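Any read-out appearing in this document is the output of simple, stated calculations on the displayed coordinates, not a laboratory observation. Just so you know, these numbers come straight off a predicted model, no measurement behind them. We place every Cβ from the backbone using ideal geometry, glycine too, and count neighbours over all the protein chains shown.
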Amino acid sequence: MTSHLDDERRADLLCYLVIAQLIGRARTGNWLRTDHLVESKRIWERANDISVLWFEGARLGEASVQLAASVWAIDLLHDVDNLAKLLTDAWQVNYESPIARGIYEICASRLMTWRFEL
């Protein structure tokens with residue numbers, strides 16, 4: 001079933017996509033291509049047993065590039081091994097990581113300033 005996300009899930013998906021963007025950049029030197037970004041969103045949807053409205057997913061995908069670019073300045077986030085620790089084996093954000101919690105807080109704060117009218 002396709003549904004609107006509540007604020008917490010929206011921030012979680014955005015955080016996941018930002019981390020995916022950072023991993024992609026660390027591995028290839030580029031932000032994720034659209035098809036990889038869509039696949040990342042689908043992985044998150046399967047792991048969370050939810051289907052996101054396509055427009056909301058597209059807006060969050062676009063936002064993930066902007067946010068990832070802003071946190072890319074942190075050298076620690078250039079290492080793929082460090083970035084891999086931000087996700088669990090079940091393709092969830094690893095909130096035991098202070099870095100993952102920090103990225104989530106950035107995402108949640110930024111979402112409060114953006115309008116998500118669908």
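The dipole here belongs to the chain: it is taken about the Cα centre, uses +1 on the Cβ of Lys and Arg and -1 on the Cβ of Asp and Glu, and is about 260 debye. For the chain, the longest principal axis of the C-alpha atoms and the axis of helix 98-113 are separated by about 40°. Counting Lys and Arg as +1 and Asp and Glu as -1 over every other residue whose Cβ lies under 13 Å from the Cβ of Asp6, the net charge comes to -2. Looking at the range 63-118, the GluC sites (Glu not before Pro) that sit in a DSSP loop and have at most 10 other Cβ atoms within 10 Å of their own Cβ are Glu96, Glu117.
The gain in end-to-end length when the Val80 to Gln92 segment is fully stretched comes to 2.7 nm, 0.36 nm per residue minus the alpha carbon separation. Against the chain, whose longest principal axis comes from its Cα atoms, helix 7-28 is set at around 40 degrees.
Our summary gives the chain a relative contact order of 37 percent, counting only alpha carbon pairs under 8 angstrom and 6 or more residues apart.
Please give the net charge around Glu45, taking every other residue with its beta carbon less than 14 angstrom from that of Glu45, where Lys and Arg add +1 and Asp and Glu add -1. Its environment carries a net charge of +1. For the residues Arg42, Arg33, Arg25, a GNM of the chain with alpha-carbon springs under 10 Å puts the largest fluctuation on Arg33. What angle do you read, to the nearest 10 degrees and between 0 and 90, between the alpha-carbon axis of helix 34-48 and the longest principal axis of the chain? Taking the Cα atoms of the chain, the angle to 34-48 is about 70 degrees. Dividing the summed -39500 (n - 2.57) terms of all DSSP H runs of n ≥ 4 by the residue count of the chain sets its mean residue ellipticity at 222 nm at -21000 deg cm²/dmol.
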